[in-house]
Amino acid sequence: MICVLAAGKTITFAAAAFTLTWTHSIERTRWQETWSVTPTGLQLTEARVKGSGAGMEPGDDAVLKDGWWVWRPRLAPQERLLLAASGATGEGWTFCAVGRCALIGDRPADAAVVTACNVHD
């Protein structure tokens, strides 16, 4: 189960994986990440970027697929993801899981937090 806290509301998704999509504020290039919920935290399983540039170089093992650089980042599981929108792109983050999507962090300084929900709370 995944919890997204944004704009003072918590949205829950009965899912074991999700995708985050956003536009890089400087390069104006689309970026996507796929994450899984694991017993040790949120695990980044795949990253995709529609180009390269300042601060968004594809991983060493990236391959070009349908116009996207795709790779498997080496990142330890994360307890939570803290997302903040700069306001420079005119949009926030698109969070999608099990066929549902939500726009989060679409206003400057409108932070969002993504965590695995503790189902025992």
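The values are calculated or read from the model by the stated rules, or taken from the named source; none is laboratory data. Because the structure is predicted, anything quoted here is derived from the model rather than measured. Here the Cβ positions follow ideal geometry from the backbone for every residue, glycine too, while neighbour counts run over all protein chains shown.
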Check: Among strands (runs of 3 or more DSSP E) lying entirely in segment 1-63, which contain 1 or more residues that are under 18 Å from residue 94 (Cα atoms) and modelled with pLDDT of 95 or more?
Finding: 17-23, 30-38, 41-49
Checklist line | Tally, over segment 35-53, of residues that are surrounded by fewer than 18 Cβ atoms within 10 Å (Cβ to Cβ) and within 12 Å of residue 19 (Cβ to Cβ) | finding: 3
Next item on the list: Report the residue count in segment 76-90 for those that are out of contact with any Ser or Thr (no Cβ under 6 Å at 6 or more places or on another chain) and either among the hydrophobic types (A, V, I, L, M, F, W, C) or modelled with pLDDT of 75 or more (or both).
Entry: 8
